[in-house]
1. For PRO65, all conditions in the list (1) at pLDDT below 95; (2) near ligand 2 (Cβ under 10 Å from one of its atoms) hold save one; what is the number of the exception?
2. Is one or more of the residues making up segment 228-237 farther than 30 Å from TRP444 by Cβ and either touching a Leu at 6+ places or on another chain (Cβ under 9 Å) or small (Gly, Ala, Ser) (or both)?
3. Inspect segment 234-241 for any residue being in contact with a Lys or Arg (Cβ under 8 Å, 6 or more places away or on another chain) and closer than 27 Å to LYS191 by Cα and give the result as yes or no.
4. Within segment 222-241, is there a residue that is free of Cβ contacts under 8 Å to residues at least 40 places away in the same chain, within 14 Å of ligand 1 (Cβ to nearest atom), part of a helix (DSSP H, G or I) and not assigned by TED's automatic domain parsing to the domain that holds ILE39?
5. Can ALA202 be described as among the hydrophobic types (A, V, I, L, M, F, W, C), at pLDDT 95 or above, surrounded by fewer than 22 Cβ atoms within 10 Å (Cβ to Cβ) and in a helix (DSSP H, G or I)?
6. Identify, please: which residue in segment 247-296 is part of a helix (DSSP H, G or I) and of a type in the set (S, T, N, Q) and is, among those, surrounded by the fewest Cβ atoms within 10 Å (Cβ to Cβ)?
7. Which numbered condition in (1) in contact (Cβ under 8 Å) with a residue 60 or more places away in the chain; (2) in a helix (DSSP H, G or I); (3) not aromatic (Phe, Trp, Tyr) is the only one that ALA148 fails?
8. Need pairs with beta-carbon distance below 7 Å; first residue among the acidic types (Asp, Glu) and within segment 345-360, second surrounded by fewer than 17 Cβ atoms within 10 Å (Cβ to Cβ); sequence gap 6+ or separate chains.
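The values are calculated or read from the model by the stated rules, or taken from the named source; none is laboratory data. Only a predicted model underlies this, so the values are computations on that prediction, with no experimental measurement involved. Here the Cβ is made from the backbone with ideal geometry for all residues, glycine too, and neighbour counts use every protein chain on show.
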Amino acid sequence: MPDPNGFLRYDRRLPARRPVPVRISDWREVYPPAGEELIREQATRCMDCGIPFCHDGCPLGNRIPDWNDLVRTGSWDSAVDTLHATNNFPEFTGRLCPAPCEAACVLGIGGGDAVTIKQVEVEIADAAVARGRLAPQPVPTPTGRTVAVVGSGPAGLAAAQQLARAGHAVTVYERDDAIGGLLRYGIPDFKLEKEHIDRRLAQLAAEGVRFRTGVEVGVDVTARQLRAEYDAVLLACGALAGRDTPATPGRALRGVHQAMSHLVAANRAVAAAGDGPVASAVLPDGTPVDAAGKHVVIIGGGDTAADCLGVAHRQGAAGVYQLDMYPEPPHARDAARDPWPTWPWVLRSYAAHEEGGERVFAAAVQEFVDDGTGQVRAVRIAEVTVEKRDGQRIVTPVPGSERELPADLVLLAIGFEGTEQQPLLEQLGVTRNARGAVDARPDWQTSVDGVFVAGDMHRGASLVVWAIAEGRAAAAAIHAHLGGHGRLPAPVDPAAQPLAAR
Ligand SMILES: Cc1cc2nc3c(=O)[nH]c(=O)nc-3n(C[C@H](O)[C@H](O)[C@H](O)COP(=O)(O)OP(=O)(O)OC[C@H]3O[C@@H](n4cnc5c(N)ncnc54)[C@H](O)[C@@H]3O)c2cc1C
Ligand code: SF4
């Protein structure tokens, strides 16, 4: 029986982040492990609510009060099993998830402090490693059915593990040189060290999943070949078509790049360095995109922009501005706009914001300014107002508010426009919808029988937790399609949406 007074006895506390000067001199994760005493205390704050609203915040349906109580009593092995019952990769979500479960926690009603659900999750996930409880679970009797998964992000990997454990022969195709999708080269090591991915890949391989890297389906292998060779195909290619701003004067100048170009180059440099010094980040054609000694302007206010900020500081930027066209959000939930337990619009300050740089709100770029040689030297910005009219976003500059920010490197982190148009889709005859995503029927099949879709490719740019949830659900649908024995868990259906008030 959980402690009903735990939240009265203990305040919400998180482990301290590593000091800024220390952490920006390396690429290791920002958070050190929490002590067992702290984490058991924090788990004690959970009230085991009659209606645990935290469940409604989490698309995976994680059994949060159950594992909170198991941690409270020190029953770590059971906590590991309970957590893995609904989540293939809690070490990813525990590190990366913005935690909609915490926004929905009953303790947050009226501005109270939610249980530190995400921190408890990551500690359980790490305990699984420390206690040797990630042993592979190969099936004794294969079904003889085969599945190709295209794309190796969290959606593809979650589906692959579910299907392999159900006895199907799964092959994951990835066009990149390493498995992991955005977790590998999109998200920096200071948020997710790559050993966590490698450990899971070893587990999946031991469970029978085959990986084929450096293979772009649609180019190196045709969709027709894949369909002939496999009983089912799952598309999990992400939503990697970056939004651009081609009409802004000066966009073609040297030094103006998509954020993902910068992040991928930086992550590759870190991966190549091992324990040695990290080389300067360059694009595949040798173009430098490193922030060392440069004035950097990051355009955008989301996860990608914050990751660029953290990378720029670790590379030794001379100064960084981060521009957001929207006004500064409130610091606490506006209950009239976003009532509990929905996800609130509030100012989100990531660890990267603690490390330096200046955030500029309600501002938009008017021009990238040439230094006379074709290289950007500044960004001309204006204060703006943003309003929605007939579904369109109208951005209006405030007259007389223009000014210049020095800039040698400009990074566009202004979002994604869905999945890329690529030969694979043309060969399959699958089209993108108005959002650039690929629609799924209620059983996760695309418009083509036997071809399924999951993750960002279906949902549009989203979160790791949704990618895992969709991967699990699509795996359940594929298992049923192949006539597999019993049913696999399906936490969401294709129409599922985050909790919202309207
Ligand atoms: C910079 C950045 C930071 C983020 N930070 C967070 C965060 O902190 N927390 C969070 O929850 N979410 C975060 N996200 C979002 C999260 O990473 C994605 O929602 C998630 O990775 C989507 O998973 P996925 O499996 O659908 O696709 P992806 O992870 O995008 O993987 C798709 C894979 O498919 C491969 N592929 C595409 N086409 C082909 C083909 N034809 N043949 C073979 N392979 C192909 C691609 O190379 C890619 O590896 C972040 C996103 C970005 C860009
Ligand atoms: S809503 Fe919060 S307090 Fe209630 S069960 Fe979930 S985590 Fe515990």
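1. Here PRO65 meets the rest and fails (1).
2. Of the residues in segment 228-237, the ones farther than 30 Å from TRP444 by Cβ are none.
No, segment 228-237 contains no residue that is farther than 30 Å from TRP444 by Cβ and either touching a Leu at 6+ places or on another chain (Cβ under 9 Å) or small (Gly, Ala, Ser) (or both).
3. Applying the first criterion (in contact with a Lys or Arg (Cβ under 8 Å, 6 or more places away or on another chain)) to segment 234-241 yields 239.
Imposing the further condition that a residue be closer than 27 Å to LYS191 by Cα reduces the set to 239.
Yes: one or more hits.
4. First pass over segment 222-241, keeping only residues free of Cβ contacts under 8 Å to residues at least 40 places away in the same chain: 225, 228.
Those still in the list that are within 14 Å of ligand 1 (Cβ to nearest atom) too: 225.
Right, trim to part of a helix (DSSP H, G or I) and you get 225.
If we keep only those that are not assigned by TED's automatic domain parsing to the domain that holds ILE39 too, we end up with 225.
Checking segment 222-241: at least one residue is free of Cβ contacts under 8 Å to residues at least 40 places away in the same chain, within 14 Å of ligand 1 (Cβ to nearest atom), part of a helix (DSSP H, G or I) and not assigned by TED's automatic domain parsing to the domain that holds ILE39.
5. On the way: among the hydrophobic types (A, V, I, L, M, F, W, C): yes; at pLDDT 95 or above: yes; surrounded by fewer than 22 Cβ atoms within 10 Å (Cβ to Cβ): yes; in a helix (DSSP H, G or I): yes.
Yes.
6. At the first step, the residues of segment 247-296 found to be part of a helix (DSSP H, G or I) are 259-273.
Now drop any that are not of a type in the set (S, T, N, Q), which leaves 261, 267.
Details: SER261: 17, ASN267: 22.
Per the stated criteria, the residue is SER261.
7. Just one mismatch for ALA148, condition (2).
8. Qualifying pairs under 7 Å: GLU354/VAL20; GLU355/VAL20.
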